[in-house]
Amino acid sequence: MNAAIDLLKSLYTMAMMVEARDAYTGGHLWRVSRFSMLLAQDAGLSAAEVKKVALGGFLHDLGKVGVPDAILNKRDKLTDEEYDIIKNHPQVGADLLSEHPLSALAIDAVLKHHEMPNGRGYPAGLSADDIPLVAKMVGIADAFDAMTSSRPYRAGMPIERALSIISDNLGSQFDEALGQRFIALGKQGKLDHIVGHSEPGIPMQACLACGPIIAVPRARKDGQTLYCPSCTTEYRLSRQGRQLSLSPTGFKNAAAARRPLVDQDLIADLVEEARQVLNVNRPSGSWLTRLWQ
Ligand SMILES: [Fe+2]
């Protein structure tokens, strides 16, 4: 079992490595994982399936490792050719993951999270019945987070507005029944503690120039420095219990700002939480089976 836990940790670490490439998406994987997990719970999935959905949500964008920075971080409209390159990422993720011993736990989310019920998604243009539940859930969570997250060049949408866009696209872009569940969760305020956060109880902090795009790892202590990943402004963290705030030091530091702060505490929590998925989804007929004995 311990070896299986280590493999799970390697999956989360891989996902963090990919997220570290894109300085502006701090906390995205965690939020997508949490939104998908709440949706899975609400839909009545078993505890182990819920954890599998949470894992899929965290790993969904692994394939972005294959998208060049110039395209990944481009602010202007993408050309058709660039968009085609972005559209590679589900297949790239699935190819890279395919030989990992635990790939079966996440491959549906990785490969199919951009498929749409109307058949106009990618990479395969699957129709509604052929899209796995986990991929439909992660697809809704991913779109909602993209809409409600702030970027250096635009503020995140209010929750209400993002929910109404999901509502307008039920049955076409988003699974009708799951989308309705998600909207209900949002209207009940059950997504509020995730939107704009990078970890449980830790809201994204605002850069004075770029908005709330700074993720604070939980181990970051009072008095330590943090940087805006966009404009590279240096801030000093003030931490009084759960209360966080940043004050500018007057310096900028491009190198420090580009150094990702990997959150090992968060990975440890996620791995611990996902233990259950391993108990139920045991791969059979492989060397891995022995790890559970
Ligand atoms: Fe994606």
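Tabulated data for the structure shown
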| read-out | value |
| --- | --- |
| Residues (away from the ligand (no atom under 13 Å from the Cβ) and over 20 Å from A274 (Cβ atoms)) located in the stretch 107-117 | P117 |
| Any hit, the stretch 190-210, residues being assigned to a strand (DSSP E or B) and among the charged types (D, E, K, R) | yes |
| All positions within the stretch 34-43 that are surrounded by fewer than 24 Cβ atoms within 10 Å (Cβ to Cβ) and assigned to a helix (DSSP H, G or I) | R34, L38, Q41, D42 |
| Selection count where residues are at pLDDT below 70, charged (D, E, K, R) and not in a loop (DSSP other than H, G, I, E, B), scope the stretch 255-290 | 1 |
| Selected residue [more than 16 Å from the ligand (Cβ to nearest atom), of a type outside the set (F, W, Y), within 19 Å of the chain's Cα centre (by Cα) and surrounded by fewer than 17 Cβ atoms within 10 Å (Cβ to Cβ)] from A128, A70, A54, A104 | A104 |
| Any hit, the stretch 45-54, residues being touching a strand residue (DSSP E or B) at 6+ places or on another chain (Cβ under 7 Å) and either part of a helix (DSSP H, G or I) or of a type in the set (S, T, N, Q) (or both) | no |
| Qualifying residue in the stretch 161-172 (condition: among the polar types (S, T, N, Q) and surrounded by 22 or more Cβ atoms within 10 Å (Cβ to Cβ)) | no |
| Within the stretch 240-257, tally of residues that are within 26 Å of the chain's Cα centre (by Cα) and either small (G, A, S) or surrounded by fewer than 16 Cβ atoms within 10 Å (Cβ to Cβ) (or both) | 7 |
| Test for L163: is it assigned to a helix (DSSP H, G or I) and without any contact (Cβ under 8 Å) to a residue 60 or more places away in the chain | yes |
| Hey, M157 touching a strand residue (DSSP E or B) at 6+ places or on another chain (Cβ under 9 Å), in a loop (DSSP other than H, G, I, E, B), on the phi < 0 side of the Ramachandran plot and aliphatic (A, V, I, L, M) or not | no |
| Whichever residue in the stretch 1-33 is among the β-branched types (V, I, T) and assigned to a helix (DSSP H, G or I) and, among such residues, is surrounded by the fewest Cβ atoms within 10 Å (Cβ to Cβ) | T13 |
| Of all residues making up the stretch 145-161, the number that are under 16 Å from the mean Cα position of the chain (by Cα) and either more than 21 Å from W30 (Cβ to Cβ) or within 13 Å of the ligand (Cβ to nearest atom) (or both) | 2 |
| Leading residue by the ranking (surrounded by the fewest Cβ atoms within 10 Å (Cβ to Cβ)) among those in the stretch 216-231 that are hydrophobic (A, V, I, L, M, F, W, C) and within 13 Å of R151 (Cβ to Cβ) | C231 |
| Cβ pairs under 9 Å, 6+ apart, first in the stretch 192-204 and free of Cβ contacts under 8 Å to residues at least 40 places away in the same chain, second among the basic types (K, R) | H193/R34; P200/R34; P200/R218 |
| From the options S230, S245, residue that is in a strand (DSSP E or B), of a type in the set (S, T, Y), in contact (Cβ under 8 Å) with a residue 40 or more places away in the chain and outside the structural domain of A155 (by TED's automatic domain parsing) | S245 |
| Sole residue being out of contact with any His (no Cβ under 6 Å at 6 or more places or on another chain), closer than 27 Å to Q180 by Cβ, of a type in the set (A, V, I, L, M, F, W, C) and in a helix (DSSP H, G or I), chosen from L126, L111, L96 | L111 |
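Rundown of residues vs (1) within 14 Å of the ligand (Cβ to nearest atom); (2) of a type in the set (V, I, T); (3) not in a loop (DSSP other than H, G, I, E, B), yes/no style:
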{"site": "G63", "(1), (2), (3)": "yes, no, yes"}
{"site": "R75", "(1), (2), (3)": "no, no, no"}
{"site": "E82", "(1), (2), (3)": "no, no, yes"}
{"site": "Q91", "(1), (2), (3)": "yes, no, yes"}
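The values are calculated or read from the model by the stated rules, or taken from the named source; none is laboratory data. The structure presented is a predicted model; accordingly, all values stated were derived computationally and were not measured. Every residue, glycine among them, receives a Cβ derived from its backbone with ideal geometry; neighbour counts consider all protein chains shown.
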